[in-house]
Amino acid sequence: MSRPTTTHTWSNWAGQQRCSPAVVEDPRTESQVVDAIGRAAEAGHVVRAVGSGHSFTDTCLTDDCHIRLGGLSGLLDADRATGLVRVGAGMRLHDLTRALHTHGLALENQGDIDQQTVAGALATGTHGTGREFRNLSAAVVGCRIALADGTVRDLTAESTPDLLRAARVSIGALGVITEFTLRAVPAFRLRKVEEPRPLVETLDAFDDLSAAHDHFELYAFPYAKTCLSFASDRTDEPPAPLPAWRKWLVDDLVANRGLELFSRAGRSFPGQAPRISRTMTRVLSRDVRVDHSHLVFSSERRVRFTEMEYAIPRAHAATALRAVLAMIESDGVGVTFPIELRTTAPDDAFLSTASGRDTAYIAVHQFQGMPYEAYFRAVEAIMDGFGGRPHWGKRHFQTAETLAPRYPEWDRFAAARAELDPAGRFTNDYVRRTLGPPPAEVHA
Ligand SMILES: Cc1cc2nc3c(=O)[nH]c(=O)nc-3n(C[C@H](O)[C@H](O)[C@H](O)COP(=O)(O)OP(=O)(O)OC[C@H]3O[C@@H](n4cnc5c(N)ncnc54)[C@H](O)[C@@H]3O)c2cc1C
């Protein structure tokens, strides 16, 4: 179960964050999680729970102790009538959504991929799109969390409302969550229309378009006049997935192999980025599919990249995206990856990037091996002007000082942290930088 090792190197999905934890723990029960935390405490180790490593930040890094939750995964209980389900924290969203489907249930909303663990996705405020739909953490109605003092707490909205609102988006800074109770919804189908559109008109109409559809998002291609929109709506139509050849063409050839090819060309000839980006928009096509929600929400991402994403007030979505595109052109940034624009409804998790406000998300990407820092810093400067909150799992250059004023409930999260992990057993460099030092240090 415990694997002390000197040779184990962990790296994230993008391959740019690495560490060599002295101990890797693979508990299979909650009491083994408690024991693992106890051993780490004896050794004076920092503990980081790790999911599937899909975060771009250094949030999982430590040279001390990693706890992997793969042994605590599975749908433990599902009540179709209430929609309440109990889920092992290490379960992948891919497996969860399929298990829910067999019970006639689904997640209300999902992000672009489903390879993350439930705990990892929730910890960073993972979201999809849809202005009436909140991010994934809004589905949490309870959780069990193993703490530094060797206890396990049951957090619920009734008994510990503040602690639960903190634990819904926790960045792994409060303890190791072993289990969640989520509110699922009756299974549903989506009709998704993917189509190229003129960028200027689509941005002008962004508010109306995102109001007209359950889930609306767009990809803006730098230097190009065409964008790609995705509009998904709940439907009673029978499933009509893309024919196999068309799915291969759209999802595999264009979205993965084509993107990889164009990205490699952009990396070899950054000065040609404008031409490459414009060429990409010429291979886009209109496609319509109807399928079960989990098969529509997420897709496969094989091209490796790094990413920054900012949450800003929704009212500024189009203005902010226009500013990013203008900066790319004026600075001549060598980027061919499209910029993603999404929305979500406000929610009330203390550290949710959509906490208390209608939100738009603007995400910028850079292909692996290409310089990203100057580009991302320039985007961040634009987002600072809109009170932007960075995705906790995606690159950013903020600190606790710059972030605190952007979160109305910052102090309530800090109070929860002081109660659950005063000495900072779960505080690594990322947590220290973005949330501040452990409470005990502050009050020493
Ligand atoms: C290709 C790709 C597509 C993506 N698409 C989206 C998207 O559409 N929308 C979006 O919002 N994000 C998206 N992301 C970001 C991703 O959802 C988040 O980074 C998420 O946190 C990754 O989950 P994970 O299981 O890999 O967690 P990890 O990256 O392994 O860990 C993330 C955090 O969770 C903590 N954690 C993990 N398990 C536990 C536990 N049991 N208890 C307490 N803390 C824990 C870790 O300590 C860490 O702080 C994408 C990322 C990639 C690489």
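At a glance:
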quantity: Test result for Ala138, modelled with pLDDT of 95 or more, more than 30 Å from Asn256 (Cβ to Cβ) and touching a Ser or Thr at 6+ places or on another chain (Cβ under 7 Å); calculated: no
quantity: Selected residue [part of a loop (DSSP other than H, G, I, E, B) and away from the ligand (no atom under 12 Å from the Cβ)] from Thr59, Thr82; calculated: Thr82
quantity: Segment 62-79, subset touching a residue at least 40 places away in the same chain (Cβ under 8 Å), hydrophobic (A, V, I, L, M, F, W, C) and buried (at least 17 other Cβ atoms within 10 Å of the Cβ), residue nearest to the ligand (Cβ to nearest atom); calculated: Leu69
quantity: Pairs with Cβ under 7 Å, 6+ apart, first in segment 40-55 and among the polar types (S, T, N, Q), second part of a loop (DSSP other than H, G, I, E, B) and more than 6 Å from the ligand (Cβ to nearest atom); calculated: Ser52/Gln115; Ser55/Asn12
quantity: Residue satisfying all of: in segment 139-167; among the β-branched types (Val, Ile, Thr) and over 20 Å from Arg28 (Cα atoms); nearest to the ligand (Cβ to nearest atom) among these; calculated: Val140
quantity: Sole residue being in contact (Cβ under 8 Å) with a residue 12 or more places away in the chain and either assigned to a strand (DSSP E or B) or of a type in the set (Gly, Ala, Ser) (or both), chosen from Thr336, Thr306; calculated: Thr306
quantity: Extreme residue, farthest from Pro313 (Cα to Cα), among residues of segment 421-444 that are among the aliphatic types (A, V, I, L, M) and more than 24 Å from the chain's Cα centre (by Cα); calculated: Ala444
quantity: Sole residue being modelled with pLDDT of 95 or more and under 21 Å from the mean Cα position of the chain (by Cα), chosen from Ala157, Ala205, Ala184; calculated: Ala184
quantity: Segment 168-212, residues that are assigned to a loop (DSSP other than H, G, I, E, B), more than 16 Å from the ligand (Cβ to nearest atom) and of a type in the set (Gly, Ala, Ser); calculated: Ala184, Ala187, Ala205
quantity: Boolean, Leu228 is hydrophobic (A, V, I, L, M, F, W, C) and at pLDDT 95 or above; calculated: yes
quantity: Residue selected from segment 335-359 under the condition within 13 Å of the ligand (Cβ to nearest atom) and within 28 Å of Met280 (Cβ to Cβ), by the criterion surrounded by the most Cβ atoms within 10 Å (Cβ to Cβ); calculated: Thr344
quantity: Residues located in segment 37-56, provided they are within 12 Å of the ligand (Cβ to nearest atom) and in a helix (DSSP H, G or I); calculated: Ile37
quantity: Selection count, segment 92-102, where residues are surrounded by fewer than 18 Cβ atoms within 10 Å (Cβ to Cβ) and in contact (Cβ under 8 Å) with a residue 60 or more places away in the chain; calculated: 3
quantity: Test result for Ala146, at pLDDT 95 or above and crowded, with 21+ Cβ neighbours inside 10 Å; calculated: yes
quantity: Total residues in segment 108-137, condition surrounded by fewer than 24 Cβ atoms within 10 Å (Cβ to Cβ) and hydrophobic (A, V, I, L, M, F, W, C); calculated: 2
quantity: Selection within segment 231-265 - in contact (Cβ under 8 Å) with a residue 60 or more places away in the chain and within 16 Å of Arg289 (Cα to Cα); calculated: Ser232
quantity: Complete set of residues in segment 98-132 that are out of contact with any Gly (no Cβ under 7 Å at 6 or more places or on another chain), within 14 Å of the ligand (Cβ to nearest atom) and part of a helix (DSSP H, G or I); calculated: Val118, Ala121, Leu122
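Residue-wise test of (1) surrounded by 20 or more Cβ atoms within 10 Å (Cβ to Cβ); (2) of a type in the set (D, E, K, R); (3) at pLDDT below 90; (4) not in a strand (DSSP E or B).
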residue: Glu237; (1), (2), (3), (4): no, yes, no, yes
residue: Lys247; (1), (2), (3), (4): no, yes, yes, yes
residue: Leu259; (1), (2), (3), (4): yes, no, yes, yes
residue: Ser263; (1), (2), (3), (4): yes, no, yes, yes
residue: Gly266; (1), (2), (3), (4): yes, no, yes, yes
residue: Ser277; (1), (2), (3), (4): yes, no, yes, yes
residue: Arg289; (1), (2), (3), (4): yes, yes, no, no
residue: Leu295; (1), (2), (3), (4): no, no, no, yes
residue: Glu300; (1), (2), (3), (4): no, yes, yes, yes
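The values are calculated or read from the model by the stated rules, or taken from the named source; none is laboratory data. Fair warning: this is a prediction, and the values are worked out from it, not measured in the lab. So basically every Cβ, Gly included, is an ideal-geometry build from the backbone, and we count neighbours across all protein chains shown.
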